[in-house]
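Enquirer: Sharing a structure here in structure tokens format.
The values are calculated or read from the model by the stated rules, or taken from the named source; none is laboratory data. Remember, it's a predicted structure, so these values are computed and weren't measured experimentally. Every residue, glycine among them, receives a Cβ derived from its backbone with ideal geometry; neighbour counts consider all protein chains shown.
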Amino acid sequence: MHEQAHMTKKIGRLVLFFFVMNIIILLLVPPSHTVSSGVSASTGTMKEGQEAEALLKWKDSLDIDPTHSLLSSWKLLPPRNSTSPLTNSSHLPKNSSSSSSLCNWIGIICNQLGSVMQINLTSSNLRGTLRNFTFSSFPNLYTFVLYNNSLYGNIPSHISNLSRLTYLDLGRNHLTGNIPPQIGLLTGLQYLYLGRNHFNGSIPHEIGMMESLEKFYARYNDLSGSIPASIGNLSKLITLSLGRNSISGSIPHEIGQLKSIRALNLYFNNLTGSIPASIGKLVSLTNLSLFGNNITGSIPLEMNNLTNLEYFQIFDNLLSGYLPENICLGGRLMWFIASYNNFRGSIPKSIKNCSTLVAVSLAENQLTGNISEELGVYPDLDYMDLSKNKFVGSLTGNWGQCSKLTMLSISNNKISGRLLPELGKATQLHALDLSSNLLAGKIPKEIGRLKFLYDLKLNNNRLSSEVPAEIGMLSDLEKLELAENKLSGPIPIDLEHCSKLLHINMRKNRLSGAVPFQMGNLLSLQNLDLGQNLLTGELPMELRYLHKLETLNLSHNKFSGTIPSTFKEMLSLTSVDISYNQLEGPLPSIKAFIVAPTEAFENNKALCGNNTGLESCPIPRNKNSNGVVAPVVISISGTLILFFIIVGILFICHKREKNMDEPEEAPPEIFFTTWNHDGKTVYEEIITATENFNSKYCIGMGGYGIVYKALLSTGQIVAVKKFHENESRIASQEAFTNEISVLTKARHRNIIKLHGFCSHARHSFLVYEFMEQGSLENILGDKVKAIEFEWFKRVNVVTGLANALSYLHHECSPAIIHRDISSNNVLLDAEYEAHLADFGTAKIMVAEPSSDWNSFAGTFGYAAPELAYTMRANEKCDVYSFGVVGLEVIMGKDPGDLISSLSSSSASSSSSSSQPIVHQILLGDVLDQRISPPMNQVAEKVFSIAKLAFACLQQNPQARPSMKEVSQILSAMVPSSSRVKEFGRGYNHFEREYMLSFCI
Ligand SMILES: *[C@@H]1O[C@H](CO)[C@@H](O)[C@H](O)[C@H]1NC(C)=O
């Protein structure tokens, strides 16, 4: 934030400078009309001509369809009389000349003399290289911004011809190669942004010649080699950002000459060696981020001179010795992250009164000392991780005064004493981990006040007495770890209210009484471990409802009676242990019991049934026999149905295979747009790579075809969609041709790229770029993948989808409507960039936008409500579906229930009054709970997406925004994944106050 404000100020000054210069020039030029305008016009147009030609030449070299591009304004008027546009334009009347002047072209700003001063083409979907950019034609260029496009190839060395350049931003493209040494000739350059490309090689030592450089960003590239010592010459450098590369060697001691530096970010590289003592000279330093390297040695004592640090992040290194004592002497430290090193000694003295602290992690070191004496009260503290050290002391009431604390972990230390009731005052706690310490006494009932708690770990301590019923007030609780204590008494019935519980572990305590039948209400439960307690009674049959339960351990208790046969409904169960009880009778007939090892049943009274270690049960001869047989029959038929479904799927894939073997009547029509190979070769390669469309390469199924993954001999992986043939032949043929006609027209970084197709009487297939992460729907539906799908990635996906739709609706001519936007049709590549796919039902708007379609396209749940009573599809239907997908990404699940409850409450109230009803919900209440909430700017973006999504979901199609508006709002927000990423392991901060107000 600070840096941004600073930059804005700088740019402001620059603009002001030009403004003043222009006035001076105007004043200096004599008022004689003919002379002055003649002179300035001719030099102006001369340059303008050269510059215009250079820009047009470059534009022509780009791989874009110029009519669809933002650059469509880049054209000259047709010449009159003369062949040269230069002489021609000077004869034109001033007005018409200026309307065709390059100074009016999108992205171009000229100085008073009509020469190009700024080129800013941020996020303009440019695809191509800089090879044809004639840098020498722009002697007056100050600012050159090509941020967030798809440029590839090298930076040409003649970029050094831009002799006046002060601001160069090539960030977020696909540029490769070395950073050319000639860049060092740009001695006026103040800002150099090269981040998020694929630059490799080392940083040229010529960088040291750029004496004006203030900010240098090259993070997220493939740079290697060491940091050149010449970097020490950059006495004006304020920010050096080289994180996420493969830079090796040690940090040069010349770094100590960077006397203006405030942010030194070298995180996630392969740096070795120790931190140079000269770092102590960088007294302006506020942000030092060296995490994720292999830096060794101890922190130099000179570091104690750096008292103004706000961010000190050195986690994940091999550092040893002591932490710097004065780290918070200046009273500014907010982030103090030194985890995963080998530090010893105690917490620095200056930390005790460091009231600015926001996040602290000292986890996994060898630190000692008494935390009750060395820590104070931190009003802004959000995150504190002291786990895996050798701290002693007890928990004090101070923790209750850290009112913003969301995460507290002191696990694996030697903390003793009791859990104080004051802990209940830290009401923002989301995660509390005090496991593996020496805590004694009872769990205070005040724990029930921690209403946001989702992760509570108190296992492996000496806690005694009963589990308080107040735990039942923790309605967000997902993990409850109380194992290995001395807890006694019953399992509290109130636990049934913790309906989000996934994981309960109370193993190795002294719990007694029966398992409350109410535990059957914990429908999300996946793991239940009650082993090694003193529990008695029969197993409640209500546990049958735990359909998601995967592991069940009831061993070493005193359970008696039979196992309810209804337990066979626990179909997710994979691991079961009921050994050392008094159980008898037949085992439930599900796989978990059948395949369990014998030990899982040993030492019981008389168990029998389908398990190799047990006797089979005697066949009852009385009338009860029906009661036993019936469930078995049902279960077998259930299995058979499943079997047929699986066989059916395999059969579908196999059938395609068989057809392939039959001789073909006519040669297939093959067309591959993007490969230089001859089409036939690629065609044969695909057949070979998929072994004639063998089902084992099947990666997905759509309405009109099956998708296969094919690895070509070039090493390239492609996705092949083979369209259904027989039954739905006509519809599928239509989808096939539709998809080709759209995808050959639409080229955008967020639209799936069609490599080619093969059309034949027998089979038709399309070949696309392969998307590593699969569909958005898959990711959101997968527990593990959803967690990796962090907020900034989600923001990026929604923005990408908005850009794609804006392009289809507003930049394609005629416009294209997708008509089936859903999370299943948004695919993500390895970088989690969204690519819109499945254009089978898309419509090219050749006719009036409101003309009738007579077939319904779309996916239930995503289709706009008006489609229920009119078959008129226009772009507003896509806008609605986009809103559904946007909400789905934020909520991590189908937003259908939320949308229908909101729209039904609107409908019922609008009948009584004409005022639209304003809904208000807290963003925090709808966010996907599987990942920690977003923080800072990312949180703001999530909030904007939520607001936009609700705007898109309005019942009245006309009230919905256009995709262009949505895309502009989303793209205007600068990407800022850095905070979340840079922290690495696990810290997050989220303002719960985001309130959404909207009408739908
Ligand atoms: C640190 O060194 C280890 C062992 O040589 C290596 O496996 C690891 O990749 C290195 N890590 C970094 C960040 O360079």
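Enquirer: Is there a residue being surrounded by 17 or more Cβ atoms within 10 Å (Cβ to Cβ) and under 15 Å from residue 492 (Cβ atoms) anywhere in the stretch 536-557?
Expert: Within the stretch 536-557, none of the residues are surrounded by 17 or more Cβ atoms within 10 Å (Cβ to Cβ) and under 15 Å from residue 492 (Cβ atoms).
Enquirer: I'd like to know if the stretch 318-331 contains one or more residues that are within 16 Å of the ligand (Cβ to nearest atom) and either of a type in the set (Lys, Arg) or surrounded by fewer than 22 Cβ atoms within 10 Å (Cβ to Cβ) (or both). Before you say what the answer is, go through the steps one by one.
Expert: First, pick out the residues of the stretch 318-331 that are within 16 Å of the ligand (Cβ to nearest atom): 318-320.
Restricting the remaining residues to those that are either of a type in the set (Lys, Arg) or surrounded by fewer than 22 Cβ atoms within 10 Å (Cβ to Cβ) (or both) gives 318, 320.
Within the stretch 318-331, one or more residues are within 16 Å of the ligand (Cβ to nearest atom) and either of a type in the set (Lys, Arg) or surrounded by fewer than 22 Cβ atoms within 10 Å (Cβ to Cβ) (or both).
Enquirer: Now, a different point. What tally of residues in the stretch 781-799 results from selecting those that are buried (at least 24 other Cβ atoms within 10 Å of the Cβ) and of a type outside the set (Val, Ile, Thr)?
Expert: 2
Enquirer: As an exercise: evaluate residue 206 against (1) touching a helix residue (DSSP H, G or I) at 6+ places or on another chain (Cβ under 8 Å); (2) at pLDDT 95 or above; (3) farther than 19 Å from residue 180 by Cα and give the number of the one condition it does not meet.
Expert: The number of the failed condition is (3).
Enquirer: So, in the stretch 345-363, of the ones that are of a type in the set (Ser, Thr, Tyr) and surrounded by fewer than 21 Cβ atoms within 10 Å (Cβ to Cβ), which residue ends up nearest to the chain's Cα centre (by Cα)? Talk me through it step by step, then tell me what you get.
Expert: We begin by selecting, within the stretch 345-363, every residue of a type in the set (Ser, Thr, Tyr); these are 346, 350, 355-356, 361.
Checking which are surrounded by fewer than 21 Cβ atoms within 10 Å (Cβ to Cβ) leaves us with 346, 350, 355-356.
Numbers: 346: 37, 350: 36, 355: 32, 356: 29 Å.
Checked the stretch 345-363; the qualifying residue nearest to the chain's Cα centre (by Cα) is 356.
Enquirer: Taking the stated definitions as given, is residue 305 touching a residue at least 24 places away in the same chain (Cβ under 8 Å), within 16 Å of the ligand (Cβ to nearest atom) and surrounded by fewer than 22 Cβ atoms within 10 Å (Cβ to Cβ)?
Expert: Judged against the criteria, residue 305 is not a match.
Enquirer: Name the residue, out of 314, 295, 299, that is among the aliphatic types (A, V, I, L, M) and more than 14 Å from the ligand (Cβ to nearest atom).
Expert: Result: 299 is the single residue among 314, 295, 299 that is among the aliphatic types (A, V, I, L, M) and more than 14 Å from the ligand (Cβ to nearest atom).
Enquirer: Show me the helices (runs of 4 or more DSSP H) found entirely inside the stretch 745-836 where at least 2 residues are touching a Leu at 6+ places or on another chain (Cβ under 7 Å). Before you say what the answer is, go through the steps one by one.
Expert: Details: elements: 776-781, 783-788, 791-806.
Those helices (runs of 4 or more DSSP H) span 776-781, 791-806.
Enquirer: Strands (runs of 3 or more DSSP E) wholly in the stretch 417-530 with at least 1 residues that are under 37 Å from the mean Cα position of the chain (by Cα) and crowded, with 18+ Cβ neighbours inside 10 Å - which ones?
Expert: Filter on the stretch 417-530 gives 431-433, 455-457, 479-481, 503-505, 527-529.
Enquirer: Can you tell me how many residues within the stretch 426-471 are under 18 Å from residue 511 (Cα atoms) and among the polar types (S, T, N, Q)?
Expert: Summing the residues that are under 18 Å from residue 511 (Cα atoms) and among the polar types (S, T, N, Q) in the stretch 426-471 gives 5.
Enquirer: Looking at (1) surrounded by fewer than 17 Cβ atoms within 10 Å (Cβ to Cβ); (2) within 24 Å of residue 456 (Cβ to Cβ); (3) among the acidic types (Asp, Glu), find the lone condition where residue 584 falls short.
Expert: With (1) surrounded by fewer than 17 Cβ atoms within 10 Å (Cβ to Cβ); (2) within 24 Å of residue 456 (Cβ to Cβ); (3) among the acidic types (Asp, Glu) applied to residue 584, the lone miss is (2).
Enquirer: Applying the selection to the stretch 556-607, what residues are without any contact (Cβ under 8 Å) to a residue 40 or more places away in the chain, polar (S, T, N, Q) and assigned to a loop (DSSP other than H, G, I, E, B)?
Expert: 557, 574, 579, 581, 603, 604
Enquirer: Tally time: how many residues in the stretch 46-58 are at pLDDT 85 or above and surrounded by 20 or more Cβ atoms within 10 Å (Cβ to Cβ)?
Expert: Of the residues in that region, 4 qualify.
Enquirer: Sticking with this structure for a sec: Out of the residues in the stretch 819-841 that are in contact with a His (Cβ under 9 Å, 6 or more places away or on another chain) and of a type in the set (A, V, I, L, M), which is surrounded by the most Cβ atoms within 10 Å (Cβ to Cβ)?
Expert: Per the stated criteria, the residue is 826.
Enquirer: Moving on. Tally the residues that are within 27 Å of the chain's Cα centre (by Cα) and modelled with pLDDT of 80 or more, restricting the search to the stretch 685-709.
Expert: Here the count works out to 5.
Enquirer: Something else about it: How about the stretch 283-301: which of its residues are among the small types (Gly, Ala, Ser), more than 34 Å from the chain's Cα centre (by Cα) and not in a loop (DSSP other than H, G, I, E, B)? Spell out how you get there, then give the answer.
Expert: Step one: filter the stretch 283-301 for residues among the small types (Gly, Ala, Ser), giving 284, 289, 292, 297-298.
Okay, now just the ones that are also more than 34 Å from the chain's Cα centre (by Cα), so 297-298.
Scanning the stretch 283-301 gives a single hit, 298.
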